[in-house]
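Step one of this worksheet: look at the structure below.
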Amino acid sequence: MSDASYVPPKVWTWDKDNGGAFAGINRPTSGARTEKALPVGKHPLQLYSLATPNGVKVTIMLEELLEAGVKEADYDAWPIRISDADQFGSGFVEINPNSKIPALVDRSGPTPRRIFESGSILIYLAEKFGKFLPTDLDGRTETLNWLMWQMGSAPFLGGGFGHFYAYAPEKIEYAINRYAMEAKRQLDVLNRDLADRRYVAGDEYTIADMAILPWYGFLITDNIYNAAEFLAVHEYEHVVRWAKELRARPAVLRGRMVNRTFGELSEQLHERHNASDFETRTQDKLTSAT
């Protein structure tokens, strides 16, 4: 239970020691904290990210584009270690003033173009290469409906439930109950949608699936926050079916590994510069990780 004696102050002030697992990097201010240039590889697309759910959305998309034969989607992926505050280096802040991963730079034109926010990056890549976003108005609208649903809903799953259940310095019953209820409501929304659809937006695999999978699908297949049992995710049979099907896709298996600096070593690829970077991890090993 929370402290019933707590009374909010008239004016909030920052306590740098308050914040749980991320107290060392979280502050109420933005902007660069260090001077640090970003590396640049040989491909026009330069990704700066980490294999959190938001980061994995984009590496799945890039690997799916390559799987579909779009050679121009080849990319360099550089790790941004958020626990080391890499996201507050001057080079990163220049391409994303919000200091959140992922961030992408497209150097294919005369002037480098920055793209930040994972949903924006997915739309940008889909439109640039003409893949995974329907061109008919109905299909496009439904896909964007679900993409925006994810962008608006996932903070309640991650920063809400995930934080208070897995990372907060103390277990607060009210907070966990509040966000567990919302996480289950969202899973129910998704489950009802997938009851009569193969993919989230219909019969076509789209950026909506790529956005939702690393959050709600991996909650099931990868047990993020170690919360699958607590949330009884097995109850959402249609989400389970969808998540298992997508989790087995070769591009998803590769995308999940890129910029991954935690977990099993065999599932990590800290930097990605060429398709050959995956050769030391055979498809058999990738498949066995599901």
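Key figures
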| item | result |
| --- | --- |
| Filter result for E35 (within 30 Å of D209 (Cα to Cα) and touching a residue at least 24 places away in the same chain (Cβ under 8 Å)) | no |
| Output for the range 135-171, where each listed residue is β-branched (V, I, T), farther than 13 Å from A211 by Cβ and in a helix (DSSP H, G or I) | T141 |
| Some residue of the range 204-216 being on the phi < 0 side of the Ramachandran plot, surrounded by fewer than 17 Cβ atoms within 10 Å (Cβ to Cβ), modelled with pLDDT of 95 or more and outside any loop (DSSP other than H, G, I, E, B) | no |
| Set T261, T206: member being under 15 Å from P53 (Cα atoms), out of contact with any Asp or Glu (no Cβ under 6 Å at 6 or more places or on another chain), touching a residue at least 60 places away in the same chain (Cβ under 8 Å) and of a type in the set (S, T, Y) | T261 |
| Enumeration of residues in the range 107-126 that are more than 16 Å from G55 (Cα to Cα) and either free of Cβ contacts under 8 Å to residues at least 40 places away in the same chain or in contact with a Gly (Cβ under 6 Å, 6 or more places away or on another chain) (or both) | G109, P110, T111, P112, R113 |
| Unmet criterion (only one of (1) touching a residue at least 40 places away in the same chain (Cβ under 8 Å); (2) under 19 Å from G217 (Cβ atoms)) for F129 | (2) |
| Filter result (assigned to a helix (DSSP H, G or I) and either closer than 21 Å to I80 by Cβ or at pLDDT 95 or above (or both)) within the range 251-274 | A251, V252, L253, R254, G255, R256, M257, L265, E267 |
| Where Q186 falls short, out of the listed (1) of a type in the set (S, T, N, Q); (2) more than 25 Å from D209 (Cβ to Cβ); (3) buried (at least 17 other Cβ atoms within 10 Å of the Cβ) | (2) |
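Here is a yes/no grid of residues against (1) under 26 Å from R178 (Cβ atoms); (2) touching a residue at least 12 places away in the same chain (Cβ under 8 Å); (3) under 21 Å from the mean Cα position of the chain (by Cα):
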{"site": "S5", "(1), (2), (3)": "yes, no, no"}
{"site": "D17", "(1), (2), (3)": "yes, no, no"}
{"site": "V40", "(1), (2), (3)": "no, yes, no"}
{"site": "L45", "(1), (2), (3)": "no, yes, yes"}
{"site": "V58", "(1), (2), (3)": "no, yes, yes"}
{"site": "E72", "(1), (2), (3)": "no, yes, no"}
{"site": "A77", "(1), (2), (3)": "no, yes, yes"}
{"site": "A85", "(1), (2), (3)": "no, yes, yes"}
{"site": "F92", "(1), (2), (3)": "no, yes, yes"}
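The values are calculated or read from the model by the stated rules, or taken from the named source; none is laboratory data. Keep in mind it's a predicted model, so treat the numbers as computed, not measured. Heads up, the Cβs are rebuilt from the backbone with ideal geometry, glycines too, and the neighbour counts pull from every protein chain shown.
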